[in-house]
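Step one of this worksheet: look at the structure below.
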Amino acid sequence: MTVQTESTSTSKALRPRMSVARTPHHTWQVSTSRAVSYEVVLSPGLLDPSNPILATAGVQEEARPGRRLVVVDAAVHALYCARIGDYFTQQAVEHEVFVVDAYESVKSMETVFEIAAAMDAFGISRRREPVVAIGGGVLTDMVGLATSLYRRSTPYLRVPTTLIGMVDAGIGAKTGVNFRQHKNRLGTYHPSAVTLNDREFLGTLSPRHLCNGLAEILKMAMVKDEVLFDHLEAHGPRLVEERMQAAGSADGGTVAEDVMARAIHSMLEELQPNLWEHELQRLVDFGHSFSPAIEMAALPELLHGEAVCIDMAFSAVLAHRRGLLNRTDLERILRVMDGLNLPTWHPVCTPDLMAHGLADTVKHRDGKQLLPLPLGIGQACFVNDVSRTELDTALAVLLDLGGSGAGALAATSGNRGA
């Protein structure tokens, strides 16, 4: 799939307008457009010293090899520091590595300022030296925000090293940090020139963080792609066990390859016509109506995808009680979540928290709920009339269906992944 250009408005000539009043004054109306084009590439062997893709991505040929500031997540640096350094040295790229301990609790403007300070100290050229961000979604979100602010716009490249980064956080236009206990409350729209996805990084990812990413893939499967859901239903645990490296055949490739490609395609297909979110009725918001409140209240216990999964399970129950999702499909959904070791409930999920979460989402969506609910498996609809009574009842039903909250939390007590 190729991401097409999107314009922010129609270009018109700048024209003065005279306004007649007691004191004459002039008014100018400015109308312009901004072409947006970026790439998402599945690119194996990124750190192979003979592979020039990472060294040359996002740079015109006359500016190569150039210099690079490489911002790396601390967990990734511990595993790949030697390979990263060797790669850029072999590619004759002058570089400096800046290590950031990137996790949700420090996803803040303070960390963004640290990244900006590193850019300033390195002396980034405004257009010819894209910053390289290597890490998970938290890291790429913060680097994206820092580069959007530095000199009002500096290019960057994303190299996601987590599954959630490869299929969700690393392929859209949004950047962001948390603010006053609100998830991603501060941010900008600043897509990277290129996102380079290499599944080899997933070989060192913990099972919990793989499941965290599979939650975002399940999101697209439930509301848009029934074939993708079937893949997760049939192969989910094996995808985790094999770190998305193999997992059998499907049309000449592997299930892991097909799952990755379908998830990215579905996501970009939804993002492309609405990159700036002028339209607030978005399928990709499934699982993201209640989850921001859940995630922030549960920090550091829940990962992002785990909070999203609780939201999806809750939304599925709401859909079932409205007759949009039959009992068989609801049970299939919950079984897939269980098979991926994802939680469907957490102790912070009180009736008041869920109601507060929806109320905050209504503000985010300009006064409407615009709540995506599954319509069977592979489709969805939007509702605007969910009542507090419905929320309370659905939460009780979800808990009764077995939402113990154990899921991924029982698998490991760690919160970090490479």
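The values are calculated or read from the model by the stated rules, or taken from the named source; none is laboratory data. None of the values given here were measured: they were computed from a predicted structure. Glycine gets a Cβ as well: all are built from the backbone with ideal geometry, and neighbour counts include every protein chain shown. Heavy atoms of the whole protein, side chains included, go into the accessibility calculation; ligands, DNA and RNA do not. Shrake-Rupley method; radii C 1.70, N 1.55, O 1.52, S 1.80 Å.
Some points to look at:
- Qualifying residue in segment 118-141 (condition: modelled with pLDDT of 95 or more, open to solvent by 10 Å² or more (accessible area, probe 1.4 Å), out of contact with any strand residue (DSSP E or B) (no Cβ under 9 Å at 6 or more places or on another chain) and not hydroxyl-bearing (Ser, Thr, Tyr)): yes
- Tally, over segment 29-84, of residues that are open to solvent by 20 Å² or more (accessible area, probe 1.4 Å), in contact (Cβ under 8 Å) with a residue 12 or more places away in the chain, assigned to a loop (DSSP other than H, G, I, E, B) and in contact with a Ser or Thr (Cβ under 7 Å, 6 or more places away or on another chain): 6
- Cross-chain or 6+ apart pairs with Cβ under 8 Å, segment 320-341 first and more than 18 Å from Ala396 (Cα to Cα) and open to solvent by 40 Å² or more (accessible area, probe 1.4 Å), then among the β-branched types (Val, Ile, Thr) and not in a helix (DSSP H, G or I): Arg332/Ile377; Asp338/Thr344
- Gly378 buried (at least 18 other Cβ atoms within 10 Å of the Cβ), in contact with a helix residue (DSSP H, G or I) (Cβ under 9 Å, 6 or more places away or on another chain) and in a helix (DSSP H, G or I): no
- Per-region count, segment 123-177, residues in a helix (DSSP H, G or I) and of a type in the set (Gly, Ala, Ser): 6
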